[in-house]
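Read the structure below first, then the notes.
Values in this text are rule-based calculations from the coordinates and carry no lab data. Here the structure is a predicted model, which means the values were calculated and not measured. Using ideal geometry, Cβ is built from the backbone for each residue, glycine included, and neighbour counts are taken over all protein chains shown.
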Amino acid sequence: MTTTHIRPADAYSPLYFLASLGAGGLSVTFFMYLMFWVPYTGRPVPVFEDLMAVFAAGPLALQMAVAVAMAGIAVMAFFNIKLLVWNLGALARFRQTPAFETLRNSNAQASLLAAPLAVAMTINGLFIVGLVFVPGLWGIVEYLFPFAMLAFLAVGVWALRLIGDFLGRILTKGGAFDTGAHNSFAQVLPAFALAMVAVGLAAPAAMSSNAAVVGIALMLSTFFGVSAIIYAGFAAITGLNAMLQHGTAREAGPTLMVIVPLLTILGILSMRQNHGLHMGFDTVSHAADTMMFMARILAVQVLFVLLGLLVLRKQDYFGDFVFGNKTSPGSYALVCPGVALSVMVQFFVNKGLVAAGLVTKFGMVYWGLTGIAIVAQILMIALVIRLNRQHFGRPAASGTLVPAE
């Protein structure tokens, strides 16, 4: 498709919601600094007052880290919301075009799930913004949890309706699904959306002191979490079968690593639920069990990162779509694995190795392992800047855009 004086992003695809998602995920990587480095007691997370205490009497190095984290959260939250608003407007316009009907009658219909996925990420991100920047928020947080659960439930229903529309079409019409074009993990995206809803619903289970809120959060998050696992299993198995027959679709190559963020979200979901069960129902959890649970998740994530990078290198994906002149909205799927790996390494080091007594907090080994998470974070920030310039930068005089699907 030859175009003149338009940005690549003007050739719209719902996959551009992943740009908003990536920015939201990066805000979480900055919150990890506060979560694991700032002293706080009596709460499962640090809040504005804890950060102000650091600025008042904390070590200079910690003050600098908190300042960087707060700035990073503010900047990434801004881009998260800005890109979400842009996408919602662009999607509304896209729905009025023949291209939308073409998408709804193809395998790419599943890409519409990027919208609820990004919205659920933004709700999670706004909660972080509130904790970090709103004084006294924790004093009224119990009143906010029911509204948060309603918001996530609404997004979950939205996602289920989109999935129902997709599955209803392909399971009732012969030939409605192109199995030959299923040669990627792009169809795992709906499971990603369900998992993001689930982890949001699990937050009140980990933070509330109200037994009813904890119980409802546990049940709802379990439903969406199990739904995500089942959907991901079927989509990944059938996708792998198609890849073995037809090779991996070149533009969809980054989806090979979608398992990485999916596992990070499900891992955090599990830890939130376990904390809620421990605090609300007196169950017992051991640090060593948590450490091994996260070690297994990291092992699977590393394997899928290696597989994805192998395929992308063989296909010269980076040479064309990241550092070259071609553009594809699917390139934003590269951000999610790096962000997810950064977050999971932080949890593994602090909630796993440190909690189990294998590593001393703030020791040399601690910083060496934490450095992996920080390097991944920095690389993803650089990638987001690069992709945003490619897709949302000033219009080129002319050029050929690569189709989104």
Principal-axis tilt of helix 17-37 within the chain, Cα atoms, nearest 10 degrees: 20
Go ahead and run the numbers for FRET between Arg104 and Ala211, Cβ-Cβ distance against an R0 of 35 Å, rounding to 0.05. 0.20
Semi-axes, largest first, in whole Å: what does sqrt of 5 times each Cα gyration tensor eigenvalue give for the range 145-248? 33, 14, 9
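Restricting to DSSP H runs of at least four residues, report the calculated mean residue ellipticity at 222 nm for the chain, -39500 (n - 2.57) per run over all residues, nearest 500 deg cm²/dmol.
About -23500 deg cm²/dmol.
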Below 24 Å, Cα to Cα, which lysines can Lys314 reach? Residues fewer than 8 away in the same chain don't count. Lys326
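Give me the Kirkwood hydrodynamic radius of the range 11-394 in Å, from all C-alpha pairs, to one decimal place?
Working: mean 1/r = 0.0467 Å⁻¹.
So the Kirkwood estimate lands at 21.4 Å.
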Length-normalised contact order of the chain in % [C-alpha pairs under 8 Å, at least 6 apart]: 23
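Provide the FRET efficiency to the nearest 0.05 for the Val85-Ala154 pair, computing r from the beta carbons and using R0 = 25 Å. Can you show the working numbers first?
Details: r = 18 Å, r/R0 = 0.71.
E between Val85 and Ala154, to the nearest 0.05, is 0.90.
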Between the modelled labels at His278 and Arg386 (7 Å from Cα along Cα→Cβ) the distance in nm is 3.9
Quick note on Asp282, Asp289, ordering by fewest other C-beta atoms within 10 Å, gives Asp282, Asp289
Return one number: the angle in degrees, 0 to 90 and rounded to the nearest 10, between the long axis of the Cα atoms of helix 48-57 and the longest principal axis of the Cα atoms of the chain. 60
Pairing the Cα long axis of helix 335-347 with the longest principal axis of the chain, what angle in degrees results, from 0 to 90 and rounded to the nearest 10? 20
Evaluate the Debye formula for the range 171-230 with equal point scatterers sitting on the alpha carbons, no solvent, and hand back log10 of I(q)/I(0) at q = 0.30 Å⁻¹, in q order, two decimals. -1.09
